[in-house]
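Report on one structure; see the data block that follows.
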Ligand SMILES: C[S@@+](CC[C@H](N)C(=O)[O-])C[C@H]1O[C@@H](n2cnc3c(N)ncnc32)[C@H](O)[C@@H]1O
Ligand code: SF4
């Protein structure tokens, strides 16, 4: 990739894990707005129910962490939290139409595996005893291998899980140490053997852009990952947001790789993965060719929600539980309080613990479809989006900051091809997809928000 393009496009833009991005959520969205939109969501699409359960606790804070996590608390606080979590679930499930089916349950954090597996099993049972599931639902959990023993890995299947995401981050212990993170307690090959023997699907998460990483060291990590053949390998681009997490300043002190080194680390990893037969999904996911995400990409039906990439089959409106949890409904987002004590107190008082949210106006609902199409499938087909929303192509474009001169500039730089029917992000320019999405986004015209750089 040419240096001048990197310089030109390495600018702060949203990550577009949601549209509008989470920094647009506001406090005028209340607990009443939440219960109203949950009831309305029963009549809206997607019809399936996707559940997110947030366990915020971690044994030790990794310096790079951009997640909603906090150090493990005392036992009474943890058990108060888990009790409140179960109560919040019991308050919400009756609002949902019980003829809808569960397509996904996802445990994230923090570190969900900081809790005994029996706790997770009980929560799964509470949900699954009330609703039917689609065929092959995705019941997934993020695991920190630094603290998990053989019994824990063995019990995940009986607790109801069928997809395991292992947070490897890097196989290089010096990189982990510089990031204040413990390496895996068991050899990764033994973990993979246990999970595969139970027929479970396997993801591995890595981060690039950390101190001490070089293209060579990360190539070694990715080569080890490929040898273990997980179904999905995720290489997250390290998002440096020290104004959100002060601990990240520790990494500045050690020294972060330059933009061009970070890009070289990514390109090297990407070549290794694609040479080994993995298929790229978006920028950071690499999947085996028989994975349903790749099939969805080929048929341009790839989707994304707060649980990550999914397909039309598995996608659902997301109902989130636990502190910081973000529910993603057809016409609104709602985020729970970030404060543990407030969460426990409000739930125990029978109140939904909502801190903020956002009701999407019709223009934003249109923009969300365009941004999702770009971010997932690297293509916007104006007629498809118009058909999907039952409006005209002109109405779709009018909802956007659609400016031919801006698109022409991207085309001149070799980032997109476009005509009056399509925008198509060129494969070699995939890292700039966020820049293209941001150029179409009217909310970016008011530039007061902070974002991490695109590359
Ligand atoms: C909730 S965390 C992981 C779960 C578990 N606590 C662990 O550490 O393995 C989900 C993933 O987000 C990624 N992540 C965390 N901080 C990040 C950051 N600042 N930039 C990019 N990715 C990040 C990591 O790869 C991590 O595996
Ligand atoms: S990366 Fe995982 S273990 Fe580390 S602080 Fe973040 S959530 Fe906790």
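The values are calculated or read from the model by the stated rules, or taken from the named source; none is laboratory data. The shown structure was predicted, so the numbers you read here are calculated from the model rather than taken from an experiment. We place every Cβ from the backbone using ideal geometry, glycine too, and count neighbours over all the protein chains shown.
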Please work out which one of (1) within 30 Å of residue 282 (Cβ to Cβ); (2) more than 16 Å from ligand 2 (Cβ to nearest atom) is the condition residue 109 fails and give its number. (2)
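Quick check on the stretch 128-137. Is at least one of its residues assigned to a loop (DSSP other than H, G, I, E, B) and within 18 Å of residue 54 (Cβ to Cβ)?
For the stretch 128-137, residues assigned to a loop (DSSP other than H, G, I, E, B) and within 18 Å of residue 54 (Cβ to Cβ): absent.
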Checked the stretch 171-193 for anything within 14 Å of residue 228 (Cβ to Cβ) and buried (at least 18 other Cβ atoms within 10 Å of the Cβ); matches are 171, 184, 188, 191, 192
Unique match (being in a loop (DSSP other than H, G, I, E, B), surrounded by fewer than 19 Cβ atoms within 10 Å (Cβ to Cβ) and assigned by TED's automatic domain parsing to the domain that holds residue 207) among 289, 257: 289
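I'd like to check something: does the stretch 86-93 contain any residue that is within 16 Å of ligand 2 (Cβ to nearest atom) and either buried (at least 17 other Cβ atoms within 10 Å of the Cβ) or not assigned by TED's automatic domain parsing to the domain that holds residue 167 (or both)? Walk me through it before giving the result.
Residues of the stretch 86-93 within 16 Å of ligand 2 (Cβ to nearest atom): none.
Scanning the stretch 86-93, I find no residue that is within 16 Å of ligand 2 (Cβ to nearest atom) and either buried (at least 17 other Cβ atoms within 10 Å of the Cβ) or not assigned by TED's automatic domain parsing to the domain that holds residue 167 (or both), so the answer is no.
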Quick check on the stretch 85-96. Is at least one of its residues out of contact with any helix residue (DSSP H, G or I) (no Cβ under 8 Å at 6 or more places or on another chain) and in a loop (DSSP other than H, G, I, E, B)? no
Out of 181, 163, 185, sole residue that is under 22 Å from residue 67 (Cβ atoms), more than 25 Å from the chain's Cα centre (by Cα) and modelled with pLDDT of 95 or more: 185
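If I filter the stretch 143-154 for residues that are free of Cβ contacts under 8 Å to residues at least 12 places away in the same chain, over 30 Å from residue 98 (Cα atoms) and either away from ligand 2 (no atom under 16 Å from the Cβ) or surrounded by fewer than 18 Cβ atoms within 10 Å (Cβ to Cβ) (or both), do I get at least one hit?
Of the stretch 143-154, the ones free of Cβ contacts under 8 Å to residues at least 12 places away in the same chain are 151.
Still in the running and over 30 Å from residue 98 (Cα atoms): 151.
Next, from what is left, pick out any that are either away from ligand 2 (no atom under 16 Å from the Cβ) or surrounded by fewer than 18 Cβ atoms within 10 Å (Cβ to Cβ) (or both): 151.
Scanning the stretch 143-154, I find at least one residue that is free of Cβ contacts under 8 Å to residues at least 12 places away in the same chain, over 30 Å from residue 98 (Cα atoms) and either away from ligand 2 (no atom under 16 Å from the Cβ) or surrounded by fewer than 18 Cβ atoms within 10 Å (Cβ to Cβ) (or both), so the answer is yes.
Does residue 67 meet the test of being within 16 Å of ligand 2 (Cβ to nearest atom), without any contact (Cβ under 8 Å) to a residue 60 or more places away in the chain and part of a loop (DSSP other than H, G, I, E, B)?
Details: within 16 Å of ligand 2 (Cβ to nearest atom): yes; without any contact (Cβ under 8 Å) to a residue 60 or more places away in the chain: yes; part of a loop (DSSP other than H, G, I, E, B): yes.
Taking the combined requirement at face value, the residue satisfies it.
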Identify, from the list 103, 99, the residue that is part of a loop (DSSP other than H, G, I, E, B), at pLDDT 95 or above and farther than 26 Å from residue 349 by Cα. 99
Looking at the stretch 159-178, which of its residues are within 16 Å of ligand 1 (Cβ to nearest atom) and either touching a strand residue (DSSP E or B) at 6+ places or on another chain (Cβ under 7 Å) or in a strand (DSSP E or B) (or both)? 161, 163, 164, 165, 166, 167, 168, 169, 170, 176
All positions within the stretch 225-254 that are in a helix (DSSP H, G or I) and surrounded by 14 or more Cβ atoms within 10 Å (Cβ to Cβ): 225, 226, 228, 247, 248, 250, 251
Criterion violated by residue 58 - all others in (1) surrounded by fewer than 20 Cβ atoms within 10 Å (Cβ to Cβ); (2) within 16 Å of ligand 1 (Cβ to nearest atom) satisfied: (1)
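Residue by residue, here is whether (1) more than 19 Å from the chain's Cα centre (by Cα); (2) surrounded by 16 or more Cβ atoms within 10 Å (Cβ to Cβ) holds:
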residue	(1), (2)
107	no, yes
111	no, yes
116	yes, no
130	yes, no
133	yes, yes
Scan the stretch 343-354 and tell me whether some residue there is modelled with pLDDT of 95 or more, closer than 30 Å to residue 445 by Cβ, outside the structural domain of residue 416 (by TED's automatic domain parsing) and assigned to a strand (DSSP E or B). yes
Restricting the search to the stretch 141-158, which residues are assigned to a loop (DSSP other than H, G, I, E, B) and more than 8 Å from ligand 1 (Cβ to nearest atom)? 148, 149, 156, 157, 158
The stretch 376-443: helices (runs of 4 or more DSSP H) wholly inside it with 3 or more residues that are in contact (Cβ under 8 Å) with a residue 40 or more places away in the chain and either at negative phi or crowded, with 17+ Cβ neighbours inside 10 Å (or both) are 433-440
Among the residues in the stretch 31-39, are any crowded, with 21+ Cβ neighbours inside 10 Å and under 20 Å from residue 307 (Cβ atoms)? yes
Over the stretch 239-250, the set of residues within 13 Å of ligand 2 (Cβ to nearest atom) and under 17 Å from residue 175 (Cβ atoms) is 239, 247, 248, 250
Kindly check whether there is at least one residue in the stretch 64-80 that is within 12 Å of ligand 1 (Cβ to nearest atom), under 20 Å from the mean Cα position of the chain (by Cα) and either at pLDDT 95 or above or on the phi > 0 side of the Ramachandran plot (or both). yes
